[in-house]
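Below is one structure, written out as C-alpha cells, with a few remarks after it.
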Amino acid sequence: MEKDHCLDDLHLRIQRVTEDLRAIQRELNCAAMEAPSDPELTEALTQLPEMESLQVLKTSLDQMRHFLWFYVQVMTNESEEGENLRESIRQKLSQDASTVGLAAAEKFQVAADAALLQCLAAGKDRQPN
C-alpha cells in the first residue's frame, strides 16, 4: 500500500512539474516575442542572474532527459539483459546512497552513466537487425 502511495505522489509531482515547465515555456516565449520591441526588457533578460538561472534549468532538464531515456529503456526491456541492467543500476545506486554529500542531480547522472555503459557493453555483442 505504501508503494502505491509513493507512486501516486510521484505521479502528482510529475504532473505539477510538467505544468510548471509549460508555464515557464509560455512566459519565456512571451518575453522573447516582446524583447525585440522593448530594449529595457531585452537588457533585463540578458543580465547574468537571469542567464545563470536559465543555464541551471537547461542543465537540469538535459540531465533529466538523459535519465528518463535510460529509465524507459531499462524498464521496458523484459529480457535477461534488461534485468541485469536493472540490477547493476540498483547496486550502483545503493553504493552511491552511502556516499555523503552527493547531490541528487549527480546521483541521476551516475545512474544514467551506469545505464549507458551497460547498454553500450551489451550492444557490442548484438548483431545488427
**Study point:** region 44-68 residues that are within 13 Å of VAL17 (Cβ to Cβ), paired with ones that are part of a helix (DSSP H, G or I) and of a type outside the set (Phe, Trp, Tyr) (beta carbon under 7 Å, 6 or more apart)
**Key:** SER60/ALA105
**Study point:** Segments classed as helices (runs of 4 or more DSSP H), wholly inside region 37-129, with at least 2 members that are surrounded by 13 or more Cβ atoms within 10 Å (Cβ to Cβ), at pLDDT 75 or above and not small (Gly, Ala, Ser)
**Key:** 39-45, 48-76
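The values are calculated or read from the model by the stated rules, or taken from the named source; none is laboratory data. All values derive from a computational prediction rather than experimental measurement. Note: ideal-geometry Cβ built from the backbone for every residue, glycine included; neighbour counts use all protein chains shown.
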